[in-house]
Amino acid sequence: MINDVMIERLDELIGDFNTPFFNYLLYSYDLSLDECEGIIDELKEDINSGEVISDNMVSTLDGRFKSRVTDLEKREKVEFLSGLIREDNDFYIRYLKRYDLSSEDVDLIYERVESKIMEDDITDFEIKRYLEYYFSNAVKQISYINDLNSIVGNDYDTLLIQSQKRAYPILQDRDIVDIVFSIHGDIIEAKEFRNGIKSEFKRQCMIRSEDKKAKCRQNLNVFVEGSGDSFSKLVKFKGLTKKDGEIIVSSIRQDINEGLIQPDSIDSVFITKRFNDYNEGQ
């Protein structure tokens with residue numbers, strides 16, 4: 001069986017932990033003998049279970065040792081992080097204590113930096129910088145959250161929200177909720193809002209409105225330009241001229257520009273209704 005062949009090849013390379021290749025792994029990655037034995041045992045288990053199929057055992061072994069070293073380095077960095085946020089640590093006393101954060105906030109910051117260690121393998125210097133950044137930003141976050149709550153009000157009914165709906169008629173309640181959730185997520189991710197939350201809310205309302213209008217134009221073009229000759233057939237079927245068709249499309253585009261049409265409402269039924277309305281108005 002292929003598993004037996006791989007195990008045999010592995011034993012050839014490792015022997016009784018005394019072969020030249022094993023010594024290369026041992027000294028290249030500076031691991032303890034126990035760590036090395038553990039890696040070999042895990043690899044054998046993965047081979048026997050079918051999780052690992054390799055036709056290059058040298059490369060597979062080298063990759064396993066390299067991965068273990070990376071994992072150990074990350075564990076050391078997590079321990080380094082834990083030490084930095086101890087209240088009796090010099091770094092904490094000099095740079096972090098003044099922010100006077102709650103234990104819950106500190107725990108959240110710890111998890112955030114730990115995640116960066118595990119995902120991005122950041123340096124010790126970067127760990128310190130992230131801690132300083134997140135601690136200082138946590139104070140701003142409280143202010144940001146309060147500002148966002150004041151925009152939302154009791155039930156998304158504040159004057160600011162109403163004014164944005166008037167300015168951008170295409171925005172629906174779901175859009176406003178999505179925008180608020182998006183800003184809240186950015187606050188949690190420690191994004192800085194140099195112009196304030198109110199300005200960011202207005203900016204995102206404008207962007208959402210323009211995006212929806214662009215989607216409307218795209219959907220309209222599908223029916224007018226991207227559906228073969230079906231549009232021209234509809235014009236003839238309704239007893240209208242090409243000029244009439246252009247007038248109808250121009251009217252729809254104007255409504256889109258004014259934010260009066262939702263993207264998902266533009267379909268064949270919608271187009272036909274606009275033709276019928278035009279005919280009735282003649």
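The values are calculated or read from the model by the stated rules, or taken from the named source; none is laboratory data. Computed from a prediction, not measured in an experiment: that's the story for all the values here. Counting neighbours? That spans all protein chains shown, and the Cβs are built from the backbone with ideal geometry, glycine included. Heavy atoms of the whole protein, side chains included, go into the accessibility calculation; ligands, DNA and RNA do not. Shrake-Rupley method; radii C 1.70, N 1.55, O 1.52, S 1.80 Å.
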Placing +1 on the Cβ of each Lys and Arg and -1 on the Cβ of each Asp and Glu in region 1-45, which of PHE17, SER28, ILE39 has its Cα farthest towards the positive end of the resulting dipole? SER28
What percent of all Cα-Cα pairs in region 15-134 falls into each 10 Å bin, going from 0 up to the bin containing the maximum distance? 11, 33, 22, 18, 13, 2
If r is the Cβ-Cβ distance from SER49 to LEU108 and R0 is 51 Å, what FRET efficiency results, to the nearest 0.05? 0.85
Which net charge results for the neighbourhood of SER115, defined as the other residues with beta-carbon distances under 14 angstrom from its beta-carbon, given Lys and Arg at +1 and Asp and Glu at -1? -4
Expressed as a whole-number percentage, the relative contact order of region 144-282 with C-alpha contacts under 8 angstrom and at least six residues apart is 27
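Averaged per residue, what accessible surface does the chain expose to a 1.4 Å probe, in Å²?
On the way: 16870 Å² over 282 residues.
With the other protein chains kept in place, the chain gives 60 Å² per residue.
Summarise the accessible area of region 34-159 (1.4 Å probe, protein heavy atoms) by the percent that is carbon and sulfur. Could you put the intermediate results ahead of the total?
Values: 3360 of 7580 Å².
Result for region 34-159: 44 percent of the exposed heavy-atom area is carbon or sulfur.
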Distance from the Cα centre of region 189-228 to that of region 114-166, in angstrom? 22
Please give, to one decimal in nm, the separation of the simple spin-label points placed at TYR156 and PHE231, each 7 Å out from Cα toward the Cβ. 3.3
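VAL58: net charge of surrounding residues, Cβ under 13 Å, Lys/Arg +1, Asp/Glu -1, itself excluded? Walk me through the numbers on the way to the answer.
Details: positive: ARG9, ARG64, LYS66; negative: GLU12, ASP55, ASP62.
So the surrounding residues net to 0.
Explain nothing, just the number: dipole magnitude of region 164-282 about its Cα centre with +1 on each Lys and Arg Cβ and -1 on each Asp and Glu Cβ, in debye rounded to the nearest 20.
Values: 21 positive and 19 negative charges, 55 e Å.
My answer is approximately 260 debye.
Sort region 145-185 into rounded, prolate or oblate with this rule: let a ≥ b ≥ c be the square roots of the eigenvalues of the Cα gyration tensor; rounded if a/c is under 1.5, and if a/c is not under 1.5, prolate when a/b is larger than b/c, oblate otherwise.
Working: a/c = 2.13, a/b = 1.34, b/c = 1.58.
It comes out oblate by the Cα gyration axes.
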Pairs of Cα atoms under 8 Å, at least six residues apart: use those to get the relative contact order of the chain, whole percent. 12
If region 159-282 were replaced by its equivalent ellipsoid, with semi-axes equal to the square roots of 5 times the Cα gyration tensor eigenvalues, what would those be, largest first, whole Å? 38, 14, 10
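Give me the percent relative contact order of region 88-165, please, defined on Cα pairs under 8 angstrom at least 6 residues apart.
After rounding, I find 31 percent.
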Using θ = phi - 60° and the Karplus form 6.51 cos²θ - 1.76 cosθ + 1.60, what ³J(HN,Hα) does each residue of region 74-81 get, whole Hz, x for Gly and Pro? 5, 4, 4, 5, 5, 5, 4, 4
Extreme residue, positive dipole direction of the chain, given options LEU234, TYR130, THR60 (C-beta unit charges): LEU234
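To the nearest 500 deg cm²/dmol, what mean residue ellipticity at 222 nm is calculated for the chain from DSSP H runs of n ≥ 4 alone, each contributing -39,500 (n - 2.57), summed and divided by the residues? Walk me through the intermediate numbers first.
Working: 12 runs with 206 residues, N = 282.
Here the helix-only value at 222 nm equals -24500 deg cm²/dmol.
Where does the charge balance sit around SER250 when Lys and Arg score +1, Asp and Glu -1, over other residues with C-beta under 15 Å from its C-beta?
On the way: positive: ARG217, LYS242, LYS243, ARG253, ARG274; negative: GLU225, ASP244, GLU246, ASP255, GLU258, ASP277.
Here the charged neighbours net out to -1.
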In what order, largest first, do PHE237, PHE270, PHE223, PHE275 sit by accessible area if the probe radius is 1.4 Å? PHE237, PHE223, PHE270, PHE275
Cα shape, region 77-147, gyration tensor, a/c 1.5 rule: oblate
Of all lysine pairs in region 196-249 that are eight or more residues apart or on different chains, those with Cα atoms under 17 Å apart total 4
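Which of the peptides 172-180, 209-217 is most tightly packed, and how do the rest follow, going by the mean number of other Cβ atoms within 10 Å of each residue?
Numbers: 172-180: 15.2, 209-217: 16.8.
Per-residue Cβ counts within 10 Å, averaged per peptide and sorted highest first, yield 209-217, 172-180.
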Per the C-alpha gyration tensor (a ≥ b ≥ c, the square roots of its eigenvalues), the chain is rounded if a/c is under 1.5, else prolate if a/b beats b/c, else oblate; here it's oblate
